Amino acid sequence: MTSMLLPPPGSPLEHYVSEKPFDPKSIDRLSAAQERIYLASQWRLMWWKFKRHRVAVVSGIFLGILYISILFCELLAPYHYQSRHIDHIYSPPQRVHLFHEGQLIGPFVYGQKYSLNMETLKRQYEPDRSVVHPIRFFCRGDPYNFWGIFESDVHLFCPAENGTLFLLGTDRLGRDVLSRIIYGARVSLTIGLIGVAISFMLGLIFGGLAGYYGGIIDLVIQRIIEVLQSLPTIPLWLALAAIMPVTWSPMVVYFAITVILGLIDWTGLARAVRSKLLSLREEDYVLAAQLMGASPVRIIGRHLVPGFMSHLIASATLAIPSMILGETALSFLGLGLRPPITSWGVLLTEAQNINIVALYPWLLTPAIPVILVVLAFNFLGDGLRDAADPYK
Amino acid sequence: MLLYIFRRILIMIPTLLLTSALVFTIMELPPGDYFESYMAELQAQGEGVDKARIEFLKKEYGFDKSPVERYFIWLGGLLQGDLGYSFEYQMPVSELVGSRIFLTVLVSFATILLTWLIAFPIGIYSATHQYSWGDYGLTFLGLMGIAVPNFLLALILMYFANVWFGTSIGHLMAPEYLGQPMSWAKFKSILEHMWIPVIVIGLAGTASMIRKIRANLLDELQKQYTITAKAKGLHPFKALVKYPLRSSLNFFVGGIGGILPEIVSGAEIVAIVLSLETTGPLLIKALQSQDMYLAGSFLMFLALLTVIGVLISDIALAFLDPRIRLQGRSTR
C-alpha cells in the first residue's frame, strides 16, 4: 500500500516547504511581560526580588542617607565635637518648643538656670521660661576645617547668639552629645565597611585557593581556619589590641582596629567560598568551559565567582553589624579607639558606670544610632540574602 | 565509623599544635613581659625592688631563655597538665581558674537552658506561621536582641533591678557573701542575682537561635515529604515534630560543640560590666596585665574544649544522620 505513495527509486522524495519565513518561537510565544522576566539578567531579577522586601529597601535608604551624611558632619552638627562649654557640664537635653506663651515663634529652646544642689553636689539645670533662644538655620557657629579643603563656620542649624542648644545634653566636659554622635558616625560607620572589605578580600583569596586547588593547600588553609575559629573572639581582639603601642597616633590605631576586626572575621567567609567553589566546580557548565579550553582564571572569574557573588555580598552585609558592635565593645573596654577620635563606642565609655545611668541617662543616647544601624544592616542583609537566589 | 573517629582525633593534633603556637606568639607580641612592667610599677611607687627575687622568678619561669625554648617548656608543662603560674595572683593557674569555674558553669548552664527553652517554641512558631504578624513581631524582637549592645543592657537591667527589687549592684551575690564558703543563704543570694546576667547573655544567643531554627525548619517544611505526610492525613503535630523538625536539627547538633568552651568562659564583657566572679574577667585582666601563663593556658584550655566540642558534634551528627555517615564526612 505504502509503495503506491513513494516515488520511483532514484528520484528525489517529494516534500513540502513553507514559503513563510521561519519563526522559532511560533509555538510558545512569550507575551511582552513574560519576555521581560525570562530574558532579564540575574542582577535585574535580584533587584526585582529585593524590591519586594520593603523593610530591606527602607533600611537600605536609611543607611544610604547615613553614609552620605558622614561626608558633611561638620555642616550637620551644631557644634564642633571638641568645643567645651564649661558653664554647662552635664546639662540635660534641652527641649525644642514652638510656642512661647501661646505665640508661635518657630523652633526655640528656653535658657537654662544652673544651680548646685548643696546636699547631693549634683548640678541642676532648669529651663528659664523668660529667655527664648530661637534656633538659627544656615548660620555661623564654631569654625571648622572642611576635609582639610577650606575653612568655614556655616552650620545647618545652631544656637541663638549667646544661647545654647544641647538637644541631647552635654557630657562631663560640657561637650554637646548630639554633635559628638554626628561626628562619631564617621568612624563607627566606616570601621565596619573597611573591616568587612579586608575580611572579604582575605576570605575570597584563601577560600578560592582552598576550593580551587584542593589537596595540600586546602588542608593547610582548613587547619588555619580551624585554629582561628577555636579561639574565642573577644580575647583574641583584646590580645591583638594590646599589642598596639601606646605611642601610635589615634588615626593609626583606628586603621589597626579595622585590620584586627577584618583579620579575625574572614574565616567564615573563606569557608563559604570554599564550599561553594567545591560544589560549583562539578557543574556541567564548568566542564563545558574546560572543554572549550578556558583557563582556570577565566573559569573562576567569569563563571564561578558570579555564581556565588550575591551570596557573598549578602553575608558580608550581615557581617558589618557584628564589626560595629565589636568596635563598640572594644572601645567600651578601653582597648579600642582613644579619645581624640570619636566613635559611638568611645562615647559609650562615658556611660560605663551605673551612676551615669541613674544621674545622666542622656549619655546612653549614642546607643540609639548603634541599635538602628545594626538593625538596618540586618534587615538589608536579610533582603539581599533572599534576593541572592532569584531563581528560587 | 571507628576509622572516621580515629582520623578526626589525629587531625586534632596538628590543629592544637598550631593553636598553641599562635596563642604563644600573641602572648609574646606585646613589648616587655610581666616582670618588666611589675618592676616598673614598683619603682614608680617608690618601693624597693628585690632584684634577687625577680631574678629567681625570671629563671624559674624561664624568662632568661629564648622565646622558642620557653614555648617548648610551656608546651611540655601543658602536656603534663601543668597550666603554669599566675604572677598577678601568685597562685597556680589551675587553682585560680578552678575557684571560679563553679559559678561560671552555673551561669552559663542556666543561660543555655533559657536560650533553648525560649528559642525552640518561638522558632517553631515563626516557621509555621511565616509572614504572620506574630512572626514579624518575634523576628523584630529577636533582631533587637542582637542589635542592643549587651553591656549596655546589663547596665540598664542592673540599675532597674536595684531600683525595683533592691538587688545589690554588681557581683553574683550580695557583698556580705563574697569570699564566704558556700551556704544555703549564699546560694539563694546567687540565684537572686543570677537572672540579670542570664537574661543579658542569653538574649543575643536566643535571637540568633530563633533565626536559625526558623530558617532550617522552613527549608524542611517546603519539601515534598512534608506535603505528602500532611496530604495522607498524618496528625499535624506528628507531621511537624517527628519528621521536619528532626531533620532540621542538624545545625543544632552541629552547634552543640560550640557550647563546651562557652560554658567555661562565659560572656566576658557582660561579666566585666556586672563584675561577676566568673572566668571571663579573669582572662581579660590577664591579657591586659600580660600575665601570660594565666592568659595563654586558659586560652589553650578553651581551644582544646572547642576542638573536642567540634569532634563531639561531628560524631553525634554522624550517628544521627545516615546521610552524613554514609558520606563519611560532616557537612556543616
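What follows is calculated from the coordinates using simple rules that are stated; it is not laboratory data. Just so we're clear, the structure is a prediction, and the values are computed from it rather than from any experiment. Glycine also receives a Cβ, built like all others from the backbone with ideal geometry; neighbour counts cover every protein chain displayed.
Tell me, B:Tyr85, A:Tyr79 in order of fewest to most beta-carbon neighbours within 10 Å?
Working: B:Tyr85 21, A:Tyr79 26.
Starting with the residue having the fewest Cβ neighbours, the order is B:Tyr85, A:Tyr79.
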For chain A, set up a GNM with springs between Cα atoms under 10 Å and report which of A:Leu312, A:Leu337, A:Leu228 has the largest fluctuation. A:Leu228
Using θ = phi - 60° and the Karplus relation 6.51 cos²θ - 1.76 cosθ + 1.60, list the HN-Hα couplings for the stretch A:28-45 in order, rounded to whole Hz, with x at every Gly or Pro. 10, 7, 8, 6, 4, 5, 4, 4, 4, 6, 5, 9, 5, 6, 4, 5, 5, 4
Estimated vicinal HN-Hα couplings, Hz - the stretch A:364-372 in sequence order (Karplus 6.51, -1.76, 1.60; Gly, Pro = x): 7, 4, x, 5, 5, x, 4, 4, 4
Debye sum, Cα scatterers, the stretch A:214-364, no solvent: what log₁₀ I/I(0) at q = 0.10, 0.17, 0.20, 0.21 1/Å? -0.54, -1.02, -1.21, -1.27
Please turn the phi angles of the stretch B:72-87 into ³J(HN,Hα) values with the Karplus equation 6.51 cos²θ - 1.76 cosθ + 1.60 (θ = phi - 60°), one per residue in order, whole Hz, x for glycine and proline. 6, 5, 4, 5, x, x, 4, 5, 8, x, 9, 7, x, 10, 8, 5
Could you pull out the trypsin sites (Lys or Arg not before Pro) across the stretch A:151-208 that fall in loop regions by DSSP (anything but H, G, I, E, B) with no more than 16 other Cβ atoms inside 10 Å? A:Arg172
Residue-normalised 222 nm signal for chain A, counting each DSSP H run of n ≥ 4 as -39,500 (n - 2.57), nearest 500 deg cm²/dmol, is -17000 deg cm²/dmol
Would you be so kind as to identify which of A:Thr317, A:Gln290, B:Met173 lies farthest towards the positive end of the dipole of the protein assembly as shown, taking Lys and Arg as +1 and Asp and Glu as -1 on Cβ and the Cα centre as origin? A:Gln290
Taking the 0 to 90 degree range and rounding to the nearest ten, how far is the long axis of helix B:279-288 tilted relative to the main principal axis of chain B, both from C-alpha atoms? 50
Residues whose modelled amide H sits under 5 Å from the amide H of A:Asp128, counting only those 5 or more places away in sequence or on another chain, are A:Gly111, A:Gln112, A:Lys113
So how far apart, in nm, are the two label points at B:Gln90 and A:Gln34 if each is 7 Å from Cα heading toward Cβ? 8.7
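What net charge do the residues around A:Pro107 carry, taking every other residue with its C-beta under 11 Å from that of A:Pro107, with Lys and Arg at +1 and Asp and Glu at -1?
+2
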Does chain B come out rounded, prolate or oblate, given a ≥ b ≥ c as the square roots of the eigenvalues of its C-alpha gyration tensor, rounded meaning a/c under 1.5 and, failing that, prolate meaning a/b above b/c? oblate
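Taking the alpha carbon gyration tensor of the stretch B:106-226, what are the square roots of 5 times its eigenvalues, largest first, to the nearest whole Å?
On the way: eigenvalues 258, 49, 19 Å².
After scaling each eigenvalue by five and taking roots: 36, 16, 10 Å.
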Along its principal axes, what span do the Cα atoms of chain A show, with the longest given first and each in whole Å? 124, 59, 40
Amide proton proximity set for A:His100, modelled H, under 5 Å, gap of 5+: A:Ile105
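Please say if the stretch A:145-205 is rounded, prolate or oblate, where rounded means a/c under 1.5 for a ≥ b ≥ c the square roots of the C-alpha gyration tensor eigenvalues, and otherwise the choice is prolate for a/b larger than b/c and oblate otherwise? All intermediate terms of the calculation are to be shown ahead of the outcome.
On the way: a/c = 4.27, a/b = 2.14, b/c = 2.00.
Taking the square roots of the gyration eigenvalues as a ≥ b ≥ c, the stretch A:145-205 is prolate.
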Cα-centre dipole for the protein assembly as shown with unit charges at Cβ (Lys and Arg positive, Asp and Glu negative), debye to 20: 2240
Sort B:Trp184, A:Trp362, B:Trp195, A:Trp47 by Cβ crowding within 10 Å, fewest neighbours at the top. B:Trp184, A:Trp47, B:Trp195, A:Trp362
Value of [θ]222 nm, deg cm²/dmol, for chain B, DSSP H segments ≥ 4, -39500 (n - 2.57) each, nearest 500: -24500 deg cm²/dmol
Taking Cα pairs under 8 Å and at least six residues apart, what relative contact order does chain A come out at, in percent? 20
Arrange A:Glu19, A:Glu101 by Cβ neighbour counts within 10 Å, fewest through most, would you? A:Glu19, A:Glu101
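So what is the relative contact order of the stretch A:128-287, in percent, for Cα pairs below 8 Å that sit 6 or more residues apart?
Working: 149 pairs, mean separation 36.3, N = 160.
Across the stretch A:128-287, relative contact order equals 23 percent.
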Bins of 10 Å, beginning at zero and ending with the bin holding the largest distance: percent of Cα pairs per bin for the protein assembly as shown, please. 2, 11, 19, 23, 19, 12, 7, 3, 1, 1, 1, 0, 0
Please report, in Å, the Rg and the Dmax of the stretch A:139-277, where both are computed over Cα atoms only. 22.0, 72
Does the stretch B:174-252 come out rounded, prolate or oblate by the C-alpha gyration tensor, with a ≥ b ≥ c the root eigenvalues, rounded set by a/c under 1.5 and, if not, prolate when a/b is larger than b/c and oblate if not? prolate
Residue among B:Phe237, B:Pro281, B:Gln43 farthest towards the positive dipole end of the protein assembly as shown, charges placed on Cβ: B:Phe237
